[in-house]
1. So if R0 is 30 Å, what FRET efficiency would Lys131 and Arg25 give, r being the distance between their Cβ atoms, rounded to the nearest 0.05?
2. Report, by chain and number, residues whose modeled amide H sits under 5 Å from the one on Ile158, excluding near sequence neighbours (fewer than 5 apart, same chain).
3. Whose amide H sits under 5 Å from the amide H of Val169, counting only residues 5 or more places off or on another chain, with H placed in the peptide plane?
4. Taking Lys131 as the anchor, which lysines have their alpha carbon closer than 24 Å to its alpha carbon, excluding any fewer than eight residues away along the same chain?
5. Which of the chymotrypsin sites (Phe, Trp or Tyr not before Pro) found in region 1-76 are loop residues per DSSP with 16 or fewer other Cβ atoms within 10 Å of their Cβ?
6. Around Tyr72, which amide H atoms from residues at least 5 apart in sequence, or from another chain, sit under 5 Å from its own amide H, with H modelled in the peptide plane?
7. Placing one identical point scatterer on every Cα of region 13-108 and ignoring solvent, what is log10 I(q)/I(0) from the Debye formula at q = 0.12, 0.16, 0.19 Å⁻¹?
8. Take every Cα-Cα distance within region 91-186, group them into 10 Å bins from 0 onward, and report for each bin the whole-number percent of pairs it holds.
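Taken together, the values in this text are just the output of simple stated rules run on the coordinates, not laboratory data. A quick note: this is a predicted structure, and the numbers were derived from the prediction, not measured. Note that we place each Cβ from the backbone using ideal geometry, even for glycine, and neighbour counts take in every protein chain shown.
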Amino acid sequence: MDKSDIFERLRNGEIIPAGDPQGYRMREASYATKKLLVQMNNSSDPAKIRDLLSRITGSMIDESVAVFTPLYINYGKHTTIGKNVFINFNCTFLDLGGITIEDNVLIGPNVSILSEGHPVSPEDRHSLVPKSIHIKKNAWIGAGATILQGVTIGENAIVAAGAVVSKDVPDNTIVGGIPAKVIKST
């Protein structure tokens, strides 16, 4: 088995097999993140929320970022958030595979951004498959949308409310539906 750091392997998109000797570290990290999330999700002070989110992500969250809690993150250190980003209530980020949110992005309530999944075959199902998600500048993710692993949301793109995005979204387009398909160009 690979002995390199499990978080580096995740960030590099390597499949983590069930029973990986470092697998316990993912749960330990999630519990440490949860302690900070409890504090963050019980605060109504925007500066305190940004400070705690900075601690969760391990990077500075700009003062132009607004987060309406609760926000749920399973790890945090593989999430990058640009400037002038708005994250509405009750969003879930699974970021072991990496989540990049560029500047001026709007994320509606109840959005799930899921950079990890599992193989289809029953015998491998407990393995973890990480693939990064990239949301480019000025994108808008509508309420209740789900962004699946490995997807890039293009610059100025709009994801309609309730859409499930399993493929890349081109710049300047609107997608909707399950699975999401291009509705029109903007």
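1. The computed FRET efficiency comes out at 0.90.
2. Trp140, Thr173, Ile174, Val175
3. Correct list: Thr152, Ile153, Gly154.
4. Lys3, Lys34, Lys77, Lys83, Lys167, Lys181
5. Passing sites in region 1-76 are Phe68.
6. Result for Tyr72 returns Cys91, Thr92, Phe93.
7. -0.37, -0.64, -0.87
8. It works out to 19, 51, 23, 6, 0, in whole percents.
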